[in-house]
1. Taking LEU173, is it within 30 Å of LYS106 (Cβ to Cβ) and either assigned to a helix (DSSP H, G or I) or out of contact with any Cys (no Cβ under 7 Å at 6 or more places or on another chain) (or both)?
2. Need pairs with beta-carbon distance below 7 Å; first residue touching a residue at least 24 places away in the same chain (Cβ under 8 Å) and under 15 Å from VAL285 (Cα atoms) and within the stretch 142-154, second surrounded by fewer than 19 Cβ atoms within 10 Å (Cβ to Cβ) and of a type in the set (D, E, K, R); sequence gap 6+ or separate chains.
3. Could you tell me which of the residues GLY182, GLY244, GLY250 is at positive phi, modelled with pLDDT under 90, crowded, with 22+ Cβ neighbours inside 10 Å and of a type outside the set (Ser, Thr, Tyr)?
4. Would you mind telling me which numbered condition in (1) touching a residue at least 40 places away in the same chain (Cβ under 8 Å); (2) under 27 Å from ALA100 (Cα atoms) GLY292 fails?
5. Return the total of residues in the stretch 72-130 being part of a loop (DSSP other than H, G, I, E, B) and either within 22 Å of the chain's Cα centre (by Cα) or of a type in the set (Phe, Trp, Tyr) (or both).
6. Just to be sure I understand the filter: pairs with C-beta atoms under 9 Å, separated by 6 or more residues or on different chains, first member in the stretch 215-244 and farther than 14 Å from ILE177 by Cβ, second member crowded, with 18+ Cβ neighbours inside 10 Å and of a type in the set (Asp, Glu). Which pairs pass?
7. Answer yes or no as to whether GLN393 is part of a helix (DSSP H, G or I) and closer than 30 Å to VAL259 by Cβ.
Amino acid sequence: MNYGISVPKPKPRILNSVRVSLHGSNQDYTVGSINRSILMLAIPMAVEGILQSLFDVVDLFWVGRLGANGVAAIGLTESLLAVVFAVGLGLSLSTTAVVARRIGEKLPGEAAIAAVQAIQLGLLISMALGICGGMAAPELLRATGASASVVTMGANYSRIALGGCGAIVILLLNNAILRGAGDAALAMRIMWISNGVNMVLAPCLIFGWGPFPRFGVAGAALATLAARLFGILCQTFWLMRGTGRIRILGTPFRFHPAVLQRLLRLSLPGIVQFTVINASWIVLVRIVALNGAPAVASYTVSILIFFLMPAWGLSNAAATLVGQNLGAGQPDRAEQIVWRAGFFNMLFLGVLGAFLFVFATPLVRIFLDDPEVASNAAVILRILVCGNIGYAQAVVILQAFNGAGDTLTPLIVNFLGFWILEIPLAWWLASQERLGAQGVSLSIVLTEFAIASISVLLFRRGRWKSQLV
């Protein structure tokens, strides 16, 4: 008998976990339910991954109205920015590993010192990349195989995107600090804000809406740069103010040789690792470019839809949890987390892959008006999603190695997969078998399954558990 008193029903545990994960919490991820720990970090990290790729999707949506040459200019510039992302991701993974390990050891002060060292290093690298990229932008665009018309239309876009590429590095780095500390929800919310700015500015600067001048394709780069810089301001505010897990205000901004050396030791293989991956993307785009701007446009749209950044949510969650649990002296729990995260990732990407396969044509038509180009893009997308299961397992395990501080193993695996297998196979299928961009896509699928198989075998050996960070 409740005497007329209404007792609220408890919310389902999984829905409550989703709500808390998006809001953020101070949960200790070295104890308690493994599934809950993965969920609490993976959801905001997955959303962050979607938002990271949304910059390019928004640009493509609006620039696609200007024709295939504009889309090709974005695709070729993005292939150049792949090297910048390699540097940013390499530095970020080492930062996540060190910060997560210190948080797991219950040493937030040491985590803050590592964060400051990473930020200083990131600023130096960003300035060097921005100066070099901005000055050489048109020549770099030509080197990717761009036609004269594409260079003419996209030169200013490339100058702005490459000149401001340092913003990519710092945005990735600051969010890596937040993720390593376990503040994934805050990193996600900052990306929401940054993308909101880009969504508003992109059409205004591209088409000259309202009081804004018309910049054409270059307006997309201006909008994205402004949005990323605003995101960096938000990150800086929260890192200085403190998030409940990490606070860098009061930490001296001077170099700590021992910490810096540790970051560099972990970062260099990581930077090379992602350079190996992303530079292979440049080569693949160069192979596709042999078939002209329409082929590049269809390939670019398909890749950006296929590049399933949500999968990085689970992989980054695994990396953070591995780092924190190794720091807490729980290697067996860390291993269980990786297998569980890999299973969830395969389930997620399997379902999403089926959706993309069925609805490939209407999805690519959002970005492409040309029926022939859109038809080719739909075929490419259907080929790519066939590799989702292999990609899902590989990305989790390789990020788990990185989270443990073993950045050398993923470097070797990625080099063998992308440069010894994928690129020669892509060239042969595209040129000798005359499959063009579809042949390049098939090489990606076969490579993902090969990398996944090698990664599982190496992970089972367990050497990553004794890695010092």
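The values are calculated or read from the model by the stated rules, or taken from the named source; none is laboratory data. Just so it is clear, the structure is predicted and the values come from calculations on it, not from any experiment. Using ideal geometry, Cβ is built from the backbone for each residue, glycine included, and neighbour counts are taken over all protein chains shown.
1. Yes.
2. The qualifying pairs are THR144/ARG286; GLY145/ARG286.
3. Answer to the selection: GLY182.
4. (2)
5. Residues meeting the conditions: 0.
6. VAL217/ASP59; ALA220/ASP59; ALA221/ASP59; ALA223/ASP59; THR224/ASP56; THR224/ASP59
7. Working: part of a helix (DSSP H, G or I): yes; closer than 30 Å to VAL259 by Cβ: no.
Considered against the rule, which asks whether it is part of a helix (DSSP H, G or I) and closer than 30 Å to VAL259 by Cβ, GLN393 comes out as no.
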